[in-house]
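*Asks:* Questions regarding the structure given below will be posed in turn.
The values are calculated or read from the model by the stated rules, or taken from the named source; none is laboratory data. No experiment lies behind these values; they were computed from the predicted model shown. Cβ sites come from the backbone with ideal geometry, for glycine too, and all protein chains shown count toward neighbours. Just the protein is used for accessible areas: all its heavy atoms, side chains included, with ligands, DNA and RNA removed. Shrake-Rupley method; radii C 1.70, N 1.55, O 1.52, S 1.80 Å.
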Amino acid sequence: MDAIRLRNPFVTGYYEGEEYFCDRKEEVALLQKHIDNGRHITLISPRRLGKTGLIEHFFAQSYLKKEYYTFFVDIYATTSLSEFVALMGKEIFKKLKPVKTKWGESFLQMVSSLRPGVKMGSMTGDFTLELGLGDIQSAETTLDEIFDYLECADRHCVVAIDEFQQISYYDEKNVEALLRTKIQHCKNVTFIYTGSSRHMISQMFHSQAKPFYQSAIGISLKPIPKEVYCDFVCEMFGKYDKRIQPAVVDYVYDEYEGYTWYMQMMMNELFALTAVGEECDMQMISTAHANIIMSQEDYYRETLTLLATRQKMLLLAMAKEYVKSRKWIRGITSSGFIKKYKLPSASSVQSALRGLIDKNIVSVNECSYRISDFFLTEWCATYL
């Protein structure tokens, strides 16, 4: 692969390839071990730590592509079983269209309850089959057909369901039991359930009252070791005839607690600010930091307009507290915190906190809290 194919090697938001992916060798080996031994997996990590990238990197391994069919379904934005089934059907259909095997071409025959529409490409004028939510008449029937289809595959299938805890919010009340009943009869499919809500995923797989109790091996994703990430950054800069002071990487790593997406955003901007043949130093950090935050300002303002007044008050208080201490916040409902930031009663703060957690705006670590988005934290504390 050409080392300078990308103008900026610090990729954010998508998987570009192994050359631009940092480490995770142990995690890939562990995933492969469990998959090869037919074990379902739960992969838990906070958002922005890199679990989606890890799955995409794992699925890109030549061994896995040769031995398995792999499918990745992100259900974060789904609200019902019908949407879940539509996404799964669409992913399988999209992945198998180029597969020239009898099994790959039999999808629409075996999943007969789907009625895909015909769509004409705006640029090419070519007609293609597209699957959408409106093509599903009975979600449970289509799900049965999809699972039956995967069971007939000429290779073992691996299905990764991203943000699996989302099924707990579906309109239907029996989705967990329904999925568990169908999945436990699958012999030719191994599932990877990923989630960013440790509490919810743990409850789903470790509570005896839940259908998925002890049905998967748990993996908890941790930050990439600092020294490994530092070596990766220095190597990437060097490949493009640029340099970066290790102290810069140390600072960025500590500032964002090793969360991959935020570090990559900073490195992407720092790389852009560094001229060929020059060195990135500590003085560039504030410029990169301001550039990123201001590029997100419209989105952050919109986020705040959608919050209730008390949620907004609490969010601003948390931002100021975190920026001062650089620690997860404890005692949010204490009289001291409430008086310090002139918040309403403890009960209203507790209610606002629950709302922010439900919206994934605030993260929880035992009895400590912080705003999930580091850049949002800094924008609130600096500009409001």
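*Asks:* What single numbered condition from (1) open to solvent by 70 Å² or more (accessible area, probe 1.4 Å); (2) of a type outside the set (Phe, Trp, Tyr); (3) more than 30 Å from Val248 (Cα to Cα) fails to hold for Arg301?
*Replies:* (3)
*Asks:* Applying the selection to the range 36-48, what residues are modelled with pLDDT of 95 or more and crowded, with 18+ Cβ neighbours inside 10 Å?
*Replies:* His40, Ile41, Thr42, Leu43
*Asks:* What's the total number of residues in the range 130-140 that are modelled with pLDDT of 80 or more and within 15 Å of Phe107 (Cα to Cα)? Steps first, answer last, please.
*Replies:* Quick first cut of the range 130-140, residues modelled with pLDDT of 80 or more only: 138-140.
Those still in the list that are within 15 Å of Phe107 (Cα to Cα) too: none.
Residues that pass the stated criteria total 0.
*Asks:* Here is a follow-up. Identify all residues within the range 269-282 that are part of a helix (DSSP H, G or I) and surrounded by fewer than 18 Cβ atoms within 10 Å (Cβ to Cβ); write none if there are none. Write out each step before concluding.
*Replies:* Initial filter on the range 269-282 (part of a helix (DSSP H, G or I)): 269-273.
Result: Ala272, Leu273.
*Asks:* Looking at the range 178-224, which of its residues are in a loop (DSSP other than H, G, I, E, B) and open to solvent by 60 Å² or more (accessible area, probe 1.4 Å)? Please lay out each step first, then the result.
*Replies:* In the first step, residues of the range 178-224 are kept if they are in a loop (DSSP other than H, G, I, E, B); the result is 184-188, 196-197, 207-216, 221-224.
Listed by number, the residues that qualify are Gln184, His185, Lys187, Gln208, Ala209, Lys210, Tyr213, Gln214, Lys222.
*Asks:* Out of all the residues in the range 199-215, which are out of contact with any strand residue (DSSP E or B) (no Cβ under 9 Å at 6 or more places or on another chain) and among the hydrophobic types (A, V, I, L, M, F, W, C)?
*Replies:* Once the filter is applied, which keeps residues that are out of contact with any strand residue (DSSP E or B) (no Cβ under 9 Å at 6 or more places or on another chain) and among the hydrophobic types (A, V, I, L, M, F, W, C), the range 199-215 yields Met200, Ala209.
*Asks:* Is at least one residue of the range 283-293 over 17 Å from Cys22 (Cβ atoms), outside any helix (DSSP H, G or I), open to solvent by 20 Å² or more (accessible area, probe 1.4 Å) and modelled with pLDDT of 95 or more?
*Replies:* Taking the range 283-293 and keeping what is over 17 Å from Cys22 (Cβ atoms), we get 283-293.
With the extra rule that they be outside any helix (DSSP H, G or I), the set shrinks to 283.
When the remaining residues are screened for being open to solvent by 20 Å² or more (accessible area, probe 1.4 Å), the result is 283.
Now narrow it down to the ones that are modelled with pLDDT of 95 or more: 283.
Among the residues of the range 283-293, at least one is over 17 Å from Cys22 (Cβ atoms), outside any helix (DSSP H, G or I), open to solvent by 20 Å² or more (accessible area, probe 1.4 Å) and modelled with pLDDT of 95 or more, which makes the answer yes.
*Asks:* Let me ask something additional. Being farther than 22 Å from Asp144 by Cβ, within 19 Å of the chain's Cα centre (by Cα) and of a type outside the set (D, E, K, R) is the filter here; which residues of the range 61-91 pass it? Quick ask: steps written out before the conclusion?
*Replies:* Filtering the range 61-91 down to residues farther than 22 Å from Asp144 by Cβ leaves 61-68, 74, 76-77.
Of the ones still in play, those that are also within 19 Å of the chain's Cα centre (by Cα) are 74, 76-77.
Answer for the range 61-91, where residues must be farther than 22 Å from Asp144 by Cβ, within 19 Å of the chain's Cα centre (by Cα) and of a type outside the set (D, E, K, R): Tyr76, Ala77.
*Asks:* So which residues in the range 317-332 are touching a residue at least 24 places away in the same chain (Cβ under 8 Å), part of a helix (DSSP H, G or I) and surrounded by fewer than 18 Cβ atoms within 10 Å (Cβ to Cβ)?
*Replies:* Lys320, Val323 - these are the residues of the range 317-332 that are touching a residue at least 24 places away in the same chain (Cβ under 8 Å), part of a helix (DSSP H, G or I) and surrounded by fewer than 18 Cβ atoms within 10 Å (Cβ to Cβ).
*Asks:* Need pairs with beta-carbon distance below 8 Å; first residue under 22 Å from Ile55 (Cα atoms) and within the range 179-194, second assigned to a strand (DSSP E or B) and among the acidic types (Asp, Glu); sequence gap 6+ or separate chains.
*Replies:* Partner pairs satisfying both residue conditions: Thr194/Asp162.
*Asks:* While we're looking at this one, here's another question. Please go through the range 300-324 and give me each residue that is of a type in the set (Gly, Ala, Ser) and in contact with a Leu (Cβ under 9 Å, 6 or more places away or on another chain), ordered by number. Reasoning before the result, please.
*Replies:* Within the range 300-324, the first condition is being of a type in the set (Gly, Ala, Ser), and the residues that meet it are 308, 317, 319.
Across the range 300-324, the qualifying residues are Ala317, Ala319.
*Asks:* Continuing with this model, one more query. Report yes if some residue within the range 360-372 is in contact (Cβ under 8 Å) with a residue 12 or more places away in the chain and in a helix (DSSP H, G or I); otherwise report no.
*Replies:* Within the range 360-372 (the criterion being in contact (Cβ under 8 Å) with a residue 12 or more places away in the chain and in a helix (DSSP H, G or I)), the answer is no, since none of the residues qualifies.
*Asks:* Residues of the range 60-79 being open to solvent by 30 Å² or more (accessible area, probe 1.4 Å) and part of a loop (DSSP other than H, G, I, E, B), which ones?
*Replies:* Taking the range 60-79 as the starting set, the residues that turn out to be open to solvent by 30 Å² or more (accessible area, probe 1.4 Å) are 60-63, 65-67, 72, 74, 76-77, 79.
Matches in the range 60-79: Ala60, Gln61, Tyr76, Ala77, Thr79.
*Asks:* If you go through the range 28-35 one residue at a time, do you hit one that is part of a loop (DSSP other than H, G, I, E, B), touching a residue at least 24 places away in the same chain (Cβ under 8 Å) and either aromatic (Phe, Trp, Tyr) or surrounded by fewer than 20 Cβ atoms within 10 Å (Cβ to Cβ) (or both)? Before the answer, list the steps.
*Replies:* Here is the first cut: in the range 28-35, the residues part of a loop (DSSP other than H, G, I, E, B) are none.
Within the range 28-35, none of the residues are part of a loop (DSSP other than H, G, I, E, B), touching a residue at least 24 places away in the same chain (Cβ under 8 Å) and either aromatic (Phe, Trp, Tyr) or surrounded by fewer than 20 Cβ atoms within 10 Å (Cβ to Cβ) (or both).
*Asks:* Okay, next question. What about Lys312, is it basic (Lys, Arg), assigned to a helix (DSSP H, G or I) and either touching a Gly at 6+ places or on another chain (Cβ under 6 Å) or within 18 Å of Asp358 (Cα to Cα) (or both)? Don't jump to the end; show me each part of the working.
*Replies:* Working: basic (Lys, Arg): yes; assigned to a helix (DSSP H, G or I): yes; either touching a Gly at 6+ places or on another chain (Cβ under 6 Å) or within 18 Å of Asp358 (Cα to Cα) (or both): yes.
Against the criterion (basic (Lys, Arg), assigned to a helix (DSSP H, G or I) and either touching a Gly at 6+ places or on another chain (Cβ under 6 Å) or within 18 Å of Asp358 (Cα to Cα) (or both)), Lys312 qualifies.
*Asks:* Check Tyr251, Tyr262 and return the single one that is open to solvent by less than 70 Å² (accessible area, probe 1.4 Å) and assigned to a helix (DSSP H, G or I).
*Replies:* Details: Tyr251 fails: open to solvent by less than 70 Å² (accessible area, probe 1.4 Å).
None of the others qualify; the one that does is Tyr262.
*Asks:* Which residues, counting only those in the range 36-59, are in a helix (DSSP H, G or I) and touching a strand residue (DSSP E or B) at 6+ places or on another chain (Cβ under 8 Å)? Give the steps one after another, and end with the answer.
*Replies:* So the first thing to find is which residues in the range 36-59 are in a helix (DSSP H, G or I), and the list is 36, 51-59.
Answer for the range 36-59, where residues must be in a helix (DSSP H, G or I) and touching a strand residue (DSSP E or B) at 6+ places or on another chain (Cβ under 8 Å): Lys51, Thr52, Leu54, Ile55, Glu56, Phe59.
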